[in-house]
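The structure appears below as C-alpha cells.
None of the figures in this text is laboratory data; all of them are computed from the coordinates on show. Everything numeric here is computed off the predicted structure, so don't read it as measured data. In this analysis, Cβ positions are derived from the backbone assuming ideal geometry, glycine residues included, and neighbour counts consider all displayed protein chains.
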Amino acid sequence: MHKKMRVFHRYLGFFLGGIMAVYAISGIVLIFRNNDTFKVENHEVIVLDQETPLEELGKALEIKRFEVEKTENNIVYFKEGTYDIATRTANITRVELPYALDKMTHLHKATSDRPLAFLNIFFGLSLFFFVVSSFWMFIPKSSIFKKGLYFSLAGLVLALVLIFV
C-alpha cells in the first residue's frame with residue numbers, strides 16, 4: 001500500500017504542478033483584489049444610441065454599482081468617468097487586471113454554474129488526496145512519521161486559530 005500511494009502521490013503531483021502554479025498565482029492576486037495592485041488602467045470612449053435614457057446609463061456602459069456623482073453643463077460625472085449628454089459620448093477609465101490574470105482569478109473563483117467548475121472540484125479532491133496519501137509516505141513507527149503528525153497537528157491548529165480568532 002505504501003508503494004502504490006507513493007506512486008499515485010508522485011504522478012498526481014506532477015500532473016497538477018501547472019494547475020497548482022495557476023491557483024497559487026491567482027490566490028496571491030485575489031488577496032489584493034480590494035486595491036489596484038496588479039491592475040492596469042484602460043481608457044475607453046463609447047458613443048451611445050440616442051434612445052439610451054439617462055436612467056439606463058450604467059447598464060449601457062456595463063458598469064456595476066453605477067452612481068451619478070453630479071451633472072453640470074450637460075456633463076454627467078460618475079466614478080469611472082464622464083458622459084456628455086449632447087454628443088452621447090462617454091469617457092471611461094476602467095481599472096482591471098491584465099487579461100491572463102483576470103482569466104486565472106475567474107478560474108479560481110469558479111462557481112457550480114461555470115463550465116470549468118469540475119476542474120475546481122477535481123483540484124480540491126486532489127489536494128485532499130495529497131493530505132491523506134502523505135501519511136502513507138513513511139512507515140508509521142518511524143520517527144519521521146511521528147514528527148510529521150506533530151507538524152500536521154500544528155498546521156491544523158494554526159488554520160483553526162486563523163479562522164476563528
For region 45-53, check the following and say yes or no: at least one residue is over 30 Å from residue 128 (Cα atoms), charged (D, E, K, R) and surrounded by fewer than 15 Cβ atoms within 10 Å (Cβ to Cβ). yes
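Could you look through region 74-106, keep only residues that are assigned to a loop (DSSP other than H, G, I, E, B) and of a type outside the set (Lys, Arg), and pick out the one that is surrounded by the most Cβ atoms within 10 Å (Cβ to Cβ)? Spell out how you get there, then give the answer.
First, pick out the residues of region 74-106 that are assigned to a loop (DSSP other than H, G, I, E, B): 74, 79-80, 85-88, 97-98.
Subset that is of a type outside the set (Lys, Arg): 74, 80, 85-87, 97-98.
Numbers: 74: 10, 80: 18, 85: 14, 86: 8, 87: 10, 97: 21, 98: 13.
Among those that are assigned to a loop (DSSP other than H, G, I, E, B) and of a type outside the set (Lys, Arg), it is 97.
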Scan (1) farther than 30 Å from residue 116 by Cα; (2) assigned to a loop (DSSP other than H, G, I, E, B) for the single condition residue 63 breaks and write down its number. (1)
Any residue at all in region 138-159 that's under 23 Å from residue 31 (Cβ atoms) and touching a residue at least 60 places away in the same chain (Cβ under 8 Å)? no
